[in-house]
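The values are calculated or read from the model by the stated rules, or taken from the named source; none is laboratory data. These numbers were taken from a predicted model, which means no experiment stands behind them. When we count neighbours, we look across all protein chains shown, and the Cβ atoms used for this are built from the backbone with ideal geometry, even at glycine.
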Amino acid sequence: MKEIVSVSLENDMDLILAHKRVMKVCELTGFSLIIQTSIATAISEIARCAIEHGEGASLKLGIDGTATRKYLVARIEDSIDFSLKCQEALNYAKRLVGNIEVIKTPKGIQIMMKHLLNFSGTFTPGKIDSYADYFKNEPAISPYDELRRKNLLLQEFADKIRDSEDDYRTLTDSLPLMMFTLNNRGQLTYSNKWIEQFLGIPPKEITAAAWQNIVHPDDYATFNRAVTAALQKATPLKGQYRLKEKGSGNFVWHMITALPLKNEKDAQVKWMGFMVDIDAHRLAEKTLKDNMDLKEVQEKLFENQQELQTKIVELNRSNYELEQFAHLATHDLQEPLRKLFFYADALKTKYHDKFDASGLNMLKNMTNAVSRMKELITDLLNYSQLHQQKLDFNPVDLNVTVQDILKDFEITIQEKRALFDIGPLPLVNGHALRLRQLFSNLISNALKYSKKEVVPHIQISVSQTDEKFVFLVKDNGIGFEPQYKDRIFGLFERLHTRDQFPGTGIGLSICKRIVELHHGHISATAVPGEYSAFEIELPMAAVVN
Amino acid sequence: MIVDDDVEDHVILEDYFSDLGLKHYLQFASDGKTALELLEGLADNELPEIIVLDLNMPILNGTQTLLELKRSLRYKEIPVIIYSTSENDNEKSKCLSFGALDYVVKPSDYESGMKTVQYLRSLVKNF
C-alpha cells in the first residue's frame, strides 16, 4: 500500500482528526459526498473502538492494487485484538461500506477496509505523492493538531540530529586527527577519541595546566603566549608545536588550529579546533631545506674551487714570469760582468808593467768585487733554475755522490785537515745533480764555518724508518744561535760579515728548495761554538717518484 | 765571420788576432739575418772559412741561424762554432745536434781568451 496519511489513535481529538482525514482522502480520490460520509463514518466507528479498547492504535490511509484496479485502503492496526469488544461497531461499519476484513497478525490485529476507486489508471504514484504532500502542508485543523504536529516535527529533528551527531562522532573518532571544542573560558567541552589515544590523557584531565606536559618544553613558552593571546582577543590560533605521544614518549610535530565561534549577537561562545600530525611534512620540509643548504654549500664550494683554480693559474703565471725574469736578469747581468772581469784581467796581464803597486791593487780589488758579483749571480741563476725545472728522478748512490764532492773539496780538506765520518749511505731515487748540489752546499758550509783552532770533524749519517730516510750532516764548527734556525734557509740570509765568512746567502735556500723538490724536509739545530747539524728527511715513497 | 750582436766582443776578438800577429780577414755581422744577407752577397770563393756564432741575438738568433746555414747546400759545409756566454749543457747538446762543430764559452779572463782564439785558428787551415 502506498500511504497518503496516517493518524495515531489515542484520544477523542484523534478521532475527529481521523474522521476529517478520511473525508478529505475520499474527496481527493473522487468519491461522492455520500460515499465520503459512509466511509468516514464506518472508519470512525472502528477507530472509536480502537481508542477505547486498544493500545497505541494507528490509522493509515493509502492506495493499493494493480495498475488497472486500485483501491482506497484504510487500515487500523493495534497490538491488542480489540475486535471482540466491538462486534457491533464492526457490523455497523460493514453495513455502511461492506468490504471490511479483520486480520489477526503475530503483532496484533489489522482491520482493513478496501473501496474500489473509479478511473484506477489515473492514480499514478506521482498523484498519490501529491495527496501525501497535501496532508503534510495541510493547515492545522486545531491548536491540538498544531501542537501535536510540532511535537512530531521536533521528535523527527531530534532523531536526525542524534543520527548526525552519531555520524559526526564516528567520523571524527575514526580520523587520525585531534578535534576539540572549548568553551569561552578555554575548557575542553568536546574531544574526539584520537585526542585520548594520542595524548593518553582522559579528556577530563586535559586542563590548562596539563598542556605543559603535552607540549615540547622548547615550544611551550610560544604555545602558551599564542593561546593566551588568542583567548583574550578571540582571534584564530594557528601554530606548529611538538606534542608528546603517549605510547613512544616522542614529540611529534602538530599543526594546531582553533577558531573562535560567535553567535548571532557576535558574542564569543566557543572554540573549535583540530591538531594534525605534520611530522612527515616537517621532516620533508627540513630535508628539502637541508638539501637546499647542501646545494648552496656545494655551489659555494664549486665557486671557491674555481676561484682557487683561477688564483693558482694566476700564481703559476706570475711565478713563471718571475722565474723567467730572474733567469733573464741574471743571464743578462752576467754578460757585462764577464766583460768587466775580462778587461780588468786584460789590463793586469797585458799592461802589467804600466801600473804601479797601488794601481795593481785597485785592479785586484776590482776583480775581487767582480768575482763576488759573479758568484752571487751564478747562485741566483742556480736558484731560479731550481724553480723552473721539473726534476727527472733516477736511482742515486749517495755514497758515490759524497765521495765525488769530497774530491771537489780536496784542497780545502787538506788545508784544514778536516776529518770525515761518513756512514754507509742508501741508494735513493732522486735527481743526481741536485742531490750532489745539496750535499755539496752542506759540506761546503761545514768546512767554511769551522773553528780556526779546532780540526773540523764532519759526520754524515742516516737513519731509516718505514717511510723515510733521515740524513744528518753535523759539524763541530762555530754553530749559530738557535733563534736563527729557520731564518738561515731564507734567500740572502747571512749571519756573518763578508770579512768573517764570504758567501752569497743563497746556498741554504738552494738546499731547502732541492729537498722540497724531493718532497722532503730540512731543518737545522745548533749550539753556538759547538756544532751545527742539518737534518734532511726524504720520504721513500716520494723519492721513488 | 763573427756573428754577434755584442760589438765589444768583435773588438776583443780583433785585438787578440792583432796581438797574435795573425793575418786574416774578419767579417762581422750583428745578427743572423745580416749574416745571411752578407753571405748571399759573397762569391763562392769569398765564403768564410769558419763562422763564429753567438746564440743570444736579435732578429734571427744563433740557433735559427745555425739551422738556416745547415739547411743550405751552399753553406752547410762551413764549420760553425757556437760562441756563447752561458754554459748551458742543454743548449750545447742541442747546437751540436743541429750540426755545430763545437760550443765555446766566451772567455772570462785574458788568458782563456787567448786559448779560445788559438783554438779557432787551429780549426782553419789557411791561417
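Of everything listed in (1) over 30 Å from A:N445 (Cα atoms); (2) within 11 Å of chain B (Cβ to nearest Cβ); (3) touching a helix residue (DSSP H, G or I) at 6+ places or on another chain (Cβ under 8 Å); (4) surrounded by 14 or more Cβ atoms within 10 Å (Cβ to Cβ), the single unmet condition for A:Y343 is (3).
A count restricted to segment A:136-163 and to residues that are at pLDDT below 85 and either of a type in the set (A, V, I, L, M) or surrounded by 10 or more Cβ atoms within 10 Å (Cβ to Cβ) (or both) stands at 14. Being assigned by TED's automatic domain parsing to the domain that holds A:K24, crowded, with 17+ Cβ neighbours inside 10 Å and touching a helix residue (DSSP H, G or I) at 6+ places or on another chain (Cβ under 6 Å) holds for only one residue in A:F123, A:F82, and it is A:F82. The lone criterion from (1) surrounded by 13 or more Cβ atoms within 10 Å (Cβ to Cβ); (2) within 10 Å of another protein chain (Cβ to nearest Cβ) left unmet by A:M366 is number (2). For the condition assigned to a helix (DSSP H, G or I), under 25 Å from A:L340 (Cβ atoms), of a type in the set (A, V, I, L, M) and touching a Leu at 6+ places or on another chain (Cβ under 9 Å), what is the one hit in B:L36, B:L13? Of B:L36, B:L13, the one residue that is assigned to a helix (DSSP H, G or I), under 25 Å from A:L340 (Cβ atoms), of a type in the set (A, V, I, L, M) and touching a Leu at 6+ places or on another chain (Cβ under 9 Å) is B:L13. Restrict the check to segment A:369-377 and report whether at least one residue is under 29 Å from A:L438 (Cβ atoms), buried (at least 16 other Cβ atoms within 10 Å of the Cβ), more than 14 Å from chain B (Cβ to nearest Cβ) and touching a Ser or Thr at 6+ places or on another chain (Cβ under 9 Å). Checking segment A:369-377: at least one residue is under 29 Å from A:L438 (Cβ atoms), buried (at least 16 other Cβ atoms within 10 Å of the Cβ), more than 14 Å from chain B (Cβ to nearest Cβ) and touching a Ser or Thr at 6+ places or on another chain (Cβ under 9 Å). Only residues that are over 14 Å from B:V52 (Cα atoms) and either away from chain A (no Cβ under 12 Å) or touching a residue at least 24 places away in the same chain (Cβ under 8 Å) (or both) were counted in segment B:1-16, giving 1. Farther than 30 Å from A:Y320 by Cβ, surrounded by fewer than 18 Cβ atoms within 10 Å (Cβ to Cβ) and either away from chain B (no Cβ under 13 Å) or without any contact (Cβ under 8 Å) to a residue 40 or more places away in the chain (or both): is that true of A:K348 in this structure? The answer is no for A:K348.
Out of the residues in segment A:58-72 meeting the condition of being in a strand (DSSP E or B) and among the hydroxyl-bearing types (S, T, Y), tell me which one is farthest from A:S8 (Cα to Cα). Among them, the one singled out is A:Y71. Based on what the data block shows, is A:I51 touching a residue at least 60 places away in the same chain (Cβ under 8 Å) and in contact with a Leu (Cβ under 8 Å, 6 or more places away or on another chain)? So A:I51 fails the test.
Total residues in segment B:16-33 satisfying the condition of being farther than 16 Å from B:T116 by Cα and assigned to a helix (DSSP H, G or I): the figure is 2.
The combined condition, being modelled with pLDDT of 85 or more and under 28 Å from the mean Cα position of the chain (by Cα), is fulfilled by A:W253. Of the residues making up segment B:52-97, those that are surrounded by 22 or more Cβ atoms within 10 Å (Cβ to Cβ), hydrophobic (A, V, I, L, M, F, W, C), away from chain A (no Cβ under 14 Å) and not in a strand (DSSP E or B) are B:L66, B:L69, B:C95.
Restricting segment B:98-119 to residues that are closer than 23 Å to A:K339 by Cβ, of a type outside the set (A, V, I, L, M) and outside any helix (DSSP H, G or I) leaves a set whose member that is farthest from the other protein chains (Cβ to nearest Cβ) is B:D102. Among the conditions (1) at pLDDT below 85; (2) within 14 Å of chain A (Cβ to nearest Cβ), B:L123 misses just one, which is (2).
Only a single criterion out of (1) outside any helix (DSSP H, G or I); (2) out of contact with any Gly (no Cβ under 9 Å at 6 or more places or on another chain) is not satisfied by A:E299, namely (1). Residues that are in a loop (DSSP other than H, G, I, E, B) and either surrounded by 14 or more Cβ atoms within 10 Å (Cβ to Cβ) or not assigned by TED's automatic domain parsing to the domain that holds A:G423 (or both) within segment A:468-489 comprise A:D475, A:N476, A:G477, A:I478, A:G479, A:F480, A:K485, listed in sequence order.
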